1. Probe of 1.4 angstrom, ligands and nucleic acids ignored: what's the accessible area per residue over the chain, in square angstrom?
2. When only C-alpha pairs under 8 Å and at least 6 residues apart count, what is the relative contact order of segment 366-452, in percent?
3. Charges at C-beta only: +1 for Lys and Arg, -1 for Asp and Glu. How large is the resulting dipole of the chain about its Cα centre, in Debye rounded to 20?
4. Using only the alpha-carbon atoms, how far is helix 86-98 inclined from the longest principal axis of the chain? Give it as 0 to 90 degrees, nearest 10.
5. Sort out for me the Cα centre separation of segment 188-224 from segment 316-365, rounded to whole Å.
6. So, by mean Cβ neighbours within 10 angstrom, what's the order for 152-163, 132-143 with the highest one leading?
7. Compute for the chain: radius of gyration divided by Kirkwood radius, i.e. Rg/Rh, restricted to C-alpha atoms, rounded to two decimals.
8. What 222 nm value per residue comes from the helices of the chain, counting each DSSP H run with n ≥ 4 as -39,500 (n - 2.57) and dividing by all residues, nearest 500 deg cm²/dmol?
Amino acid sequence: MRPITIKQIVEITGGTLLCGNEMETIQDFCIDSRKMAKDMLFVPIIGERVDGHQFIESALKNGGATLTQQHEEKEDIHPWIRVENTIEAMQKIAKWYRMQMKFPVVAITGSVGKTTTREMVTRALEAKYTVFHTEGNYNSQAGVPLTIARMTGEEEVAVLEAGMSQFGEMSALEEMIRPDIAVFTNIGVAHIENLGTQDNICKEKMELAKHITEKGAIVLNGDDPILMAHKEQLKGTIITYGTGKDCDYRATNIRIEQGKTKFTCSYQGESFEITMDVLGEHNVLNALSAFAVSGWLEIPMEQVCHQFEAFEGTRQKIYSLKDYTIIDDTYNASPDSMKASIRVLSEIPCNGRRIAVLADMLELGEKTEQYHREVGAFLAENNIEELYTYGTLSAYLLEEAKKTNSTIKGKSFMDREQLLSFLKGHIQKGDCMLLKGSNGMKLSEISKQFVG
C-alpha cells in the first residue's frame, strides 16, 4: 500500500481519532498481532471464539496504529481510531485504495475452481503484463481488503479471487474490487446450506458484475446451465467458454497423452493445440477462461499457449513417488469438485489399482445424503477399483457406489488413524490413490504420511 495518513483513514472510515498523531502513515493492514509492524494498521476482528481487541496492546508494542470499536477514549502515543465496525472500516479503506489504482482488475468467482482459474489467468496474463494476484485463500470479507492493500500501483493488471458463503457478501466484495473483467467458473452447491438453492447462489455471485462498464467484459462458463439461464440479468459484453458449439472459446479433442492434458482451443476461426501439465476436463475449462481474459486484454493466443506447458497449480497435487502415485486434493470438497477429481483418477496412467479415499463433504444442507449418494453413483461408473471413505456422510457414498457397481471393493472408516493404518498396509507398487474431502475432515494429515 502506498503510505496513507491516519487523518485520511479517519476521513475514509468516518471514525474518530482517540489519540496519537494524525500525520503518521501506515502502509498495510494487520489482523494478527504477532505479525504487527510499525507501518501497519491493526484491525481487531471479533470472531466466534476470539475477540481481536484483547490483542491491541501487544500489537502496538511494535508500533503502528489500531482500529477499535470497543473504546470511547484512550491515551497513548500510538493512534487509536474509533469506528463502528472494524471489518467494515477496513473494507472502506480498501475500497478507497482500490479506486486509486488505474490498471484493469480481473475478478474470479464460482463454486469450484476459483483458485486454479485465478492461477491460470495470472499465468496467461504474465505473457505480456506485470500481474498482481491474490495469494493463498485471501478471497473473503477480511481477505480481499488485505489483498488490495498489497497493491503498489506499479502493476499493469490485477487478478483477484472472490468467495462468499452468505447473502450480501459478494456485493461487499464487488464494492471493494470493482472489477473490469468478471469471470464465473460454475455454480455448484457449496454453501447451499446458507443460500438455499443454486439459483440463489448464482444470483449472489453475479453481484460481482453489477458495475462492469462498456470497456469491461463478463466471462462465463458456457457449459454451466445455471449460469446460462441467468446470463440475461447481466449487462455488458459477455464472453463464453466451454465445450459447446455456441461457446466463444471452445475446447475440442480433449485427451490425455503421456500424463498430460491436450486439447484444441478455437476462437473466431483460429485453432491452437494446447498441452498442460495438469489433468482433468475441469482444468481445460479453467484454461479456456484464461484464454478469454487474455484475449480481451489483447494478448495473442499463441503467446498464451506457451504459458500452460509447465503449469502445475497449487490445489490438486499429483505426486509420482517411487512405488505409487498420490493425488492430493484434500483442500476442500463439493459434489462437483469430487466428480472432477474422480475423473482425474479414472484417467491417470496407472499400472496398479485406482483407489479413491474420500471423506465427508460439509455444508451441503438438507440434501447432504443425496449429494453423497450422487457422487458414489458417479464413481461407480468410472474406472476405479476400490473406494475407502472416512466419516458418517461419506458412508452413504460408499453404499451407493457398491449398489451401482457390485465389483467395487471398499470399506467405511470412522477413525482417521485407523484409515491411515489400513492404507499404509494396503497400498502396493503401481497403485494410484486419490485423497479428497472437505478441509474440516483433515485428510491432508493422511496425505502427509505418504508424500512427506
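The values are calculated or read from the model by the stated rules, or taken from the named source; none is laboratory data. Everything numeric here is computed off the predicted structure, so don't read it as measured data. Reconstructed Cβ throughout: ideal geometry from the backbone, glycine too, with neighbour counts over all protein chains shown. Accessible surface areas use protein heavy atoms only, side chains included; no ligands, DNA or RNA. Shrake-Rupley method; radii C 1.70, N 1.55, O 1.52, S 1.80 Å.
1. Using a 1.4 Å probe on heavy atoms only, each residue of the chain averages 44 Å².
2. After rounding, I find 24 percent.
3. Details: 49 positive and 64 negative charges, 175 e Å.
With only Lys, Arg, Asp and Glu charged at Cβ, the dipole is about 840 debye.
4. 90 degrees
5. 27 Å
6. Numbers: 152-163: 20.3, 132-143: 18.2.
Ranked from most to least packed, the peptides come out as 152-163, 132-143.
7. Result: Rg/Rh = 1.00.
8. -9500 deg cm²/dmol
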